[in-house]
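S.K.: I am attaching a structure below and will ask some questions about it afterwards.
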Amino acid sequence: MSRTIMFVFAHPDDESFTSGGTLLELAKQKDTKTVLYSATPGDAGKCGEPPLCTPENLASIRRKELETAAKLLRIDHLVIDDFKDGKLNELPSGVLKNEVLKQIQFVKPEVVVTFPPHGLSGHSDHKAIQQATLEAVQDSSSGVKELYYTTFPQSLANKTGNPAFSDPDETISLVKSFSQDHMNKVKEALLAHKTQHLSVERVFPTIIQDTAFMKFNNKEYFIRAWQHPQYNSDPLLT
């Protein structure tokens, strides 16, 4: 059975931090198409240290960085929108939800993945895209069967100190484990976001020198947050 899985995030690099391993794994499945939607081009991010570009050029540079990361993760279809970074929660009611719904109606995914309500880092854009995505998939015209949140178990957050927010272990629906070779490809995708190296190195302080990259025990975690009332089959994200 063929399926399309759409990942909906706020900024370039969200995909690699949260679900790079899963995206790369799905790309190896011939019956699966992956789609990534970034609501902003990341124009309010940092320019690196020392600066790799000017603030005025940051959006165009981060678009290119995301395009590179998407190729490394073998994403089939990439959409980078023009909403202002850091301002998603200030949009008029329904604007972001309607745009996400429009993208969903175009690519017709069975499964959508986004942030949990707390946004992992607490970033207002992360929380705004989560709420908009939830509303979009629940729209009667979406055709989506399942919604997943990419998250982090509380037990591991307590040990690592990352991220700022997590979810109780008992709420985790799916844990994906990956080989070292697999995660080294995710490392390449993370490092493709060159202007954001300070953020990457804050979460993974030894990422540059590590030959065996370890991303949170080389696991990624998901909550099956919603399913269509008429869909009662087994989970589609496995």
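S.K.: Right, THR150: part of a strand (DSSP E or B) and of a type in the set (S, T, N, Q) or not?
M.R.: The answer is yes for THR150.
S.K.: Now a separate question. Just one of (1) more than 12 Å from HIS11 (Cα to Cα); (2) in contact with a helix residue (DSSP H, G or I) (Cβ under 8 Å, 6 or more places away or on another chain); (3) not hydroxyl-bearing (Ser, Thr, Tyr) trips up VAL95, so point out which.
M.R.: Of (1) more than 12 Å from HIS11 (Cα to Cα); (2) in contact with a helix residue (DSSP H, G or I) (Cβ under 8 Å, 6 or more places away or on another chain); (3) not hydroxyl-bearing (Ser, Thr, Tyr), only one is false for VAL95: (2).
Condition check ((1) at pLDDT below 95; (2) more than 25 Å from LYS108 (Cβ to Cβ); (3) under 15 Å from the mean Cα position of the chain (by Cα)) across all residues:
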| position | (1), (2), (3) |
| --- | --- |
| ASP43 | no, yes, no |
| CYS53 | no, yes, no |
| GLU56 | no, yes, no |
| GLU67 | no, no, yes |
| ALA70 | no, no, yes |
| ARG74 | no, no, yes |
| VAL79 | no, no, yes |
| LEU88 | no, no, no |
| LEU91 | no, no, no |
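S.K.: Same structure, new question: Would you confirm whether or not region 141-152 contains a residue that is closer than 18 Å to VAL203 by Cβ, open to solvent by 70 Å² or more (accessible area, probe 1.4 Å) and among the aromatic types (Phe, Trp, Tyr)?
M.R.: no
S.K.: Still on this structure, I have one more. Run down THR40, THR22, THR32 and say which single residue is within 25 Å of TYR221 (Cβ to Cβ), free of Cβ contacts under 8 Å to residues at least 40 places away in the same chain and open to solvent by less than 30 Å² (accessible area, probe 1.4 Å).
M.R.: THR32
S.K.: Between a first residue in region 167-188 that is exposed (fewer than 13 other Cβ atoms within 10 Å of the Cβ) and a second residue that is of a type outside the set (S, T, N, Q) and outside any strand (DSSP E or B), which pairs have beta carbons less than 8 Å apart while being 6 or more apart in sequence or on different chains?
M.R.: Cβ pairs passing all conditions: GLN180/ALA212; GLN180/PHE213.
S.K.: Please find, within region 97-133, the residue that is nearest to the chain's Cα centre (by Cα) out of those that are among the aliphatic types (A, V, I, L, M) and open to solvent by 10 Å² or more (accessible area, probe 1.4 Å).
M.R.: LEU120
S.K.: Which strands (runs of 3 or more DSSP E) sit wholly inside region 1-112 and have at least 1 residues that are more than 15 Å from ILE129 (Cβ to Cβ) and of a type in the set (D, E, K, R)?
M.R.: Ranges flagged: 3-9, 32-38.
S.K.: Follow-up question, since we're still on this one. Need the failing condition index for ILE207 against (1) closer than 25 Å to ALA59 by Cα; (2) more than 19 Å from the chain's Cα centre (by Cα); (3) open to solvent by 30 Å² or more (accessible area, probe 1.4 Å); (4) not aromatic (Phe, Trp, Tyr), just the number.
M.R.: (3)
S.K.: With (1) touching a helix residue (DSSP H, G or I) at 6+ places or on another chain (Cβ under 7 Å); (2) of a type outside the set (Asp, Glu); (3) open to solvent by less than 30 Å² (accessible area, probe 1.4 Å) as the list, and SER155 as the residue in question, which single condition is left unmet?
M.R.: Going through the list (1) touching a helix residue (DSSP H, G or I) at 6+ places or on another chain (Cβ under 7 Å); (2) of a type outside the set (Asp, Glu); (3) open to solvent by less than 30 Å² (accessible area, probe 1.4 Å), SER155 breaks only (3).
The values are calculated or read from the model by the stated rules, or taken from the named source; none is laboratory data. Only a predicted model underlies this, so the values are computations on that prediction, with no experimental measurement involved. For neighbour counting, all protein chains shown are included, and Cβ atoms are generated from backbone atoms with ideal geometry for every residue, glycine included. Note: areas computed on protein heavy atoms with side chains; ligands, DNA, RNA excluded. Shrake-Rupley method; radii C 1.70, N 1.55, O 1.52, S 1.80 Å.
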